[in-house]
Amino acid sequence: MKLRIAIAADHGGFDLKQELIQRLSEVVDIVDMGAESFDSSDDYPDLAIPAARAVASGEVQRAVVICGSGVGASVVCNKVKGVRAGLCHDTYSAHQGVEHDDMNTLCLGARVIGVELATEIVAAFLMAQFSGEERHLRRLEKLNQLEE
Ligand code: RB5
């Protein structure tokens, strides 16, 4: 069964979102949570929060959230309980964040990296699996306690 992911972007990430949807739609089920069209006055929380909530609720398994730098996206996504978002502009962090930290949301800055690197980063994120190792579970439990 295909992985089901959400993708969202504000105006800073809109073009990259559209390109990633084209490139990934054959290999994963993508729920496009907007923006539906380029709007230079949209606000990243309005796009990022629904995608983060979709991960938290289990509607999707993972999300990719894009803004200009990726910073705003990561800050807001991590406000949603159950979301572990990381801003990754390299492939190592993109898979290691899943393997060690059970990262379930990848944030990207479309003004920082190009589409080819972004595609490789998303692929590394989507193919990675959480290790389940005791030390990683122990650390996650400490995060969970913080959320209670
Ligand atoms: C939008 O211009 C920009 O501020 C936003 O996409 C993002 O970079 C915020 O972190």
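The values are calculated or read from the model by the stated rules, or taken from the named source; none is laboratory data. Just so it is clear, the structure is predicted and the values come from calculations on it, not from any experiment. Cβ coordinates were reconstructed from backbone atoms using ideal geometry, including for glycine residues, and neighbour counts include every protein chain displayed.
The rows are residues; the columns are (1) within 14 Å of the ligand (Cβ to nearest atom); (2) buried (at least 23 other Cβ atoms within 10 Å of the Cβ); (3) at pLDDT below 95.
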site: Lys2; (1), (2), (3): no, no, yes
site: Ile7; (1), (2), (3): no, yes, no
site: Gln18; (1), (2), (3): no, no, no
site: Asp43; (1), (2), (3): yes, no, no
site: Ala48; (1), (2), (3): yes, yes, no
site: Val71; (1), (2), (3): yes, no, no
site: Asp90; (1), (2), (3): no, no, no
- Task: Say whether the condition of being touching a residue at least 24 places away in the same chain (Cβ under 8 Å), touching a helix residue (DSSP H, G or I) at 6+ places or on another chain (Cβ under 7 Å) and aliphatic (A, V, I, L, M) is met by at least one residue in segment 87-104.
- Result: yes
- Task: Would you be able to tell me the number of residues in segment 94-116 that are closer than 19 Å to Ile5 by Cα and either among the small types (Gly, Ala, Ser) or outside any strand (DSSP E or B) (or both)?
- Result: 13
- Return a yes/no flag: does segment 131-148 have any residue that is out of contact with any Ser or Thr (no Cβ under 7 Å at 6 or more places or on another chain), outside any helix (DSSP H, G or I) and of a type in the set (A, V, I, L, M, F, W, C). no
- Some residue of segment 95-106 being within 16 Å of the ligand (Cβ to nearest atom), within 18 Å of Gly13 (Cα to Cα), buried (at least 17 other Cβ atoms within 10 Å of the Cβ) and at pLDDT 95 or above: yes
- Scan of segment 20-33 for residues that are part of a helix (DSSP H, G or I) and either surrounded by 16 or more Cβ atoms within 10 Å (Cβ to Cβ) or free of Cβ contacts under 8 Å to residues at least 40 places away in the same chain (or both), ordered by number: Leu20, Ile21, Gln22, Leu24
- Task: For segment 73-88, name all the residues that are among the small types (Gly, Ala, Ser) and either part of a loop (DSSP other than H, G, I, E, B) or within 9 Å of the ligand (Cβ to nearest atom) (or both).
- Result: Ala73, Ser74, Gly82
- Message: Can you find, within segment 50-69, the residue that is surrounded by the most Cβ atoms within 10 Å (Cβ to Cβ) among those that are within 14 Å of the ligand (Cβ to nearest atom) and in a loop (DSSP other than H, G, I, E, B)?
- Response: Ser69
